[in-house]
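S.K.: Below: one structure in C-alpha cells.
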Amino acid sequence: MAIVIGSNFGYTVIAAVGITLQCFATAMGVNGARKKYNVKFPDNGGGRYSDKLSDEDWVAFNNIKRTSDNYLEQVGMVLVALVLAGLYQPKLAASFGATYMLGRFAYARGYVAGGADRRIYGAPVMGVSFLAMVITAGYNAVTTTILA
C-alpha cells in the first residue's frame, strides 16, 4: 500500500511547526535568563559566571536552562513520531502534537516556577502524547505492510 499525502497532512505540519516554534521560544527564554542573571557563554549553569550567583538565582537560572535542555533532548524524536503518525492519520497525529505542546507548556511553567518537583503537571501529558504518536505510527506501519 502506498502512502498518499493528502491535504489533511497540513494539520500535521501545523503541529510540527508549533512544536518547533515552542522549542525556539523556550531557548529564547534561556537567552533572557542569561541577561537577567549575567551568565555569559559558554557557561551553561555550572561555570565561572554562574558561580557568582546566589543560591536562589543559580537555581532559578538552571530551572529555566533545564526546561530548554529537556525540550532539545526530546524534540527530534517527537517530530519524527509526529510526522510518521501523520502520514497515516494526520488529524489524529496533529491532535497528539497539540496535546504534547500543552503538556510541554505546563511542564515548563511548573519547572520554572517551582523546580523539578512541579514539572509533574506536564510530564505525564507529554509522555502519553508522545507514546500515542509512536503507537499510531507503528500500528499503521505494521497493518499496511506486514499484515497487509
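The values are calculated or read from the model by the stated rules, or taken from the named source; none is laboratory data. Here the structure is a predicted model, which means the values were calculated and not measured. Here Cβ is always computed from backbone atoms with ideal geometry, including for glycine, and neighbour counts include all displayed protein chains. For the accessible areas, the whole protein counts, side chains as well, though only heavy atoms, and no ligand, DNA or RNA atoms are used. Shrake-Rupley method; radii C 1.70, N 1.55, O 1.52, S 1.80 Å.
One line per residue, one yes/no per condition, for (1) in a helix (DSSP H, G or I); (2) within 22 Å of N8 (Cα to Cα):
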| residue | (1), (2) |
| --- | --- |
| N44 | no, no |
| T67 | yes, no |
| G76 | yes, no |
| S95 | yes, yes |
| G103 | yes, no |
| R118 | yes, no |
| G138 | yes, yes |
| A141 | yes, yes |
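S.K.: Determine which single condition A85 fails, assuming it passes every other condition in (1) part of a helix (DSSP H, G or I); (2) over 24 Å from T145 (Cβ atoms); (3) of a type outside the set (S, T, N, Q).
M.R.: (2)
S.K.: Follow-up. Restricting attention to segment 59-75, which residues are open to solvent by less than 10 Å² (accessible area, probe 1.4 Å) and under 26 Å from A137 (Cα atoms)?
M.R.: Y71, the sole residue that qualifies.
S.K.: For V39, work out the one condition from (1) among the β-branched types (V, I, T); (2) part of a helix (DSSP H, G or I); (3) touching a residue at least 12 places away in the same chain (Cβ under 8 Å) it doesn't fulfil.
M.R.: Only one criterion is unmet by V39, namely (2).
S.K.: Of the conditions (1) surrounded by fewer than 18 Cβ atoms within 10 Å (Cβ to Cβ); (2) at pLDDT 95 or above; (3) of a type in the set (A, V, I, L, M), I120 clears all except one; give me its number.
M.R.: (2)
S.K.: Here's another thing I want to ask about it. What's the total number of residues in segment 1-33 that are surrounded by 11 or more Cβ atoms within 10 Å (Cβ to Cβ) and at pLDDT below 95?
M.R.: Residues meeting the conditions: 2.
S.K.: Give the number of residues within segment 1-35 that are in a helix (DSSP H, G or I) and over 24 Å from the mean Cα position of the chain (by Cα).
M.R.: Residues meeting the conditions: 0.
S.K.: Determine whether segment 76-96 contains at least one residue that is buried (at least 19 other Cβ atoms within 10 Å of the Cβ) and more than 27 Å from V4 (Cβ to Cβ).
M.R.: Checking segment 76-96: not a single residue is buried (at least 19 other Cβ atoms within 10 Å of the Cβ) and more than 27 Å from V4 (Cβ to Cβ).
S.K.: Please state which of the following conditions A148 fails to meet, knowing it meets all the rest: (1) of a type in the set (G, A, S); (2) more than 22 Å from M28 (Cβ to Cβ); (3) open to solvent by less than 60 Å² (accessible area, probe 1.4 Å).
M.R.: All conditions are met except number (3).
S.K.: Residue by residue through segment 99-117, note down the ones that are crowded, with 16+ Cβ neighbours inside 10 Å and closer than 22 Å to V17 by Cβ.
M.R.: The answer is T99, Y100, M101, G103, R104, F105, A106, Y107, A108.
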